[in-house]
Amino acid sequence: FLTDKYADFIDANRKEDPVERLKTLKRLIHDLPEHHYETLKFLSAHLKTVAENSEKNKVSETRVSCIL
């Protein structure tokens, strides 16, 4: 993530209303520069695959979440 956007993501994640939190995070993600957005999309897809195969690779969803 861009250093200047870090505080925005932290603030968004601290919102108590889950609907507002999700709305804000989606906006922030879509406002990322294209290369950052594509990298995040690729990383998210890869980590989803890792989590879906946790029985085989012994990497639990909890451990996957630690990566982020």
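The values are calculated or read from the model by the stated rules, or taken from the named source; none is laboratory data. Keep in mind it's a predicted model, so treat the numbers as computed, not measured. Because the Cβ atoms are built from the backbone with ideal geometry, glycine has one as well, and the counts that use them run over all protein chains shown. Ligands, DNA and RNA are excluded from the accessible area calculation, which covers all protein heavy atoms including side chains. Shrake-Rupley method; radii C 1.70, N 1.55, O 1.52, S 1.80 Å.
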Putting +1 on Lys and Arg Cβ atoms and -1 on Asp and Glu Cβ atoms, find which of S65, A51, I10 reaches farthest to the positive end of the dipole of the chain. A51
At q = 0.12, 0.18, 0.19, 0.24 Å⁻¹, what log₁₀ I(q)/I(0) does a Debye calculation on the Cα points of the chain give, no solvent, two decimals? -0.40, -0.82, -0.88, -1.07
With every protein chain kept in place and a 1.4 Å probe, segment 13-68 has an accessible area per residue in Å² of 87 Å²
Which of the aspartates and glutamates could a cross-linker span from K15 if the Cα-Cα distance has to be under 13 Å and same-chain partners fewer than 8 positions apart are dropped? none
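Could you look at the chain and say what percent of its accessible area is carbon and sulfur, using a 1.4 Å probe and all protein chains?
Exposed carbon and sulfur together represent 56 percent of the surface.
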Of all trypsin sites (Lys or Arg not before Pro) in the chain, the ones in DSSP coil with at most 10 other Cβ atoms within 10 Å are R14, K58
For the chain, state which chymotrypsin sites (Phe, Trp or Tyr not before Pro) are in a DSSP loop and have at most 14 other beta carbons lying within 10 Å of their beta carbon. F1
Probe 1.4 Å, all chains present, heavy atoms only: I10 accessible area in Å², nearest 10, is 60 Å²
Keeping every protein chain in place, order D4, D11 by accessible area at 1.4 Å, biggest value first, i.e. largest first. D4, D11
Local electrostatic count at D8 - Lys and Arg +1, Asp and Glu -1, tallied over other residues with Cβ under 12 Å: +1
Put V64, V19, V59 in order of accessible area, largest first, probe 1.4 Å, and you get V19, V59, V64
Rounded to the nearest 0.05, what FRET efficiency do L28 and E55 have when you use their Cβ-Cβ distance and R0 = 35 Å? 0.55
When we measure straight from the Cα of K56, which lysines land under 27 angstrom away, once same-chain ones fewer than 8 places off are left out? K41, K48
